Amino acid sequence: MASRLEAAMATTARVLRTVGADHIEIVTLTRGRICLQPVDLNQGEQIARALGCDFPLDHRMFVPGHTLWTGLVEGLEIQVRSALRQVVAR
């Protein structure tokens, strides 16, 4: 039986195949979480949505600001960093 870390590594490999490893600059992996930073942060939302991450958290206080998209893939939390969203007020 694979350890949780080995299982997370296998899931990460599948995620990278899904989005294309050439689009990802940084991967951070723990036993329960995968964090991805795209080469181009402007592609982050598109990558996140391709992985089913549809919960955005805007970090406006950071310089530069960014949005962190989260979701679950194979039981692991996945986070994808993107350029800060421009939310339209209603």
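Scanning the stretch 51-84 for residues that are part of a loop (DSSP other than H, G, I, E, B) and crowded, with 18+ Cβ neighbours inside 10 Å returns 51, 53. Quick one: count up the residues across the stretch 19-32 that are under 17 Å from residue 71 (Cα atoms) and either aliphatic (A, V, I, L, M) or modelled with pLDDT of 95 or more (or both). Result for the stretch 19-32: 4.
Taking the stretch 66-85 as the range and being in contact with a strand residue (DSSP E or B) (Cβ under 6 Å, 6 or more places away or on another chain) and not charged (D, E, K, R) as the test, the residues that pass are 66, 67, 68, 69, 70, 71, 76, 78, 79, 80, 82, 84.
Of all the residues in the stretch 8-45, those that are surrounded by fewer than 16 Cβ atoms within 10 Å (Cβ to Cβ) and without any contact (Cβ under 8 Å) to a residue 12 or more places away in the chain number 7.
Against the numbered list (1) in a strand (DSSP E or B); (2) touching a His at 6+ places or on another chain (Cβ under 7 Å), residue 47 comes up short only at (1).
If the condition is being at pLDDT 90 or above, farther than 15 Å from residue 21 by Cα and aliphatic (A, V, I, L, M), then the stretch 34-90 contributes 57, 68, 72, 73, 76, 78, 83, 84.
Residues checked against (1) of a type outside the set (Lys, Arg); (2) more than 11 Å from the chain's Cα centre (by Cα):
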{"site": "32", "(1), (2)": "yes, yes"}
{"site": "53", "(1), (2)": "yes, no"}
{"site": "58", "(1), (2)": "yes, yes"}
{"site": "63", "(1), (2)": "yes, yes"}
{"site": "72", "(1), (2)": "yes, no"}
{"site": "81", "(1), (2)": "no, no"}
{"site": "86", "(1), (2)": "yes, yes"}
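The values are calculated or read from the model by the stated rules, or taken from the named source; none is laboratory data. Being a predicted model, the structure only gives us computed values, none of them experimental. FYI the Cβ positions are ideal-geometry reconstructions off the backbone, even for glycines, and counts take in every protein chain you see.
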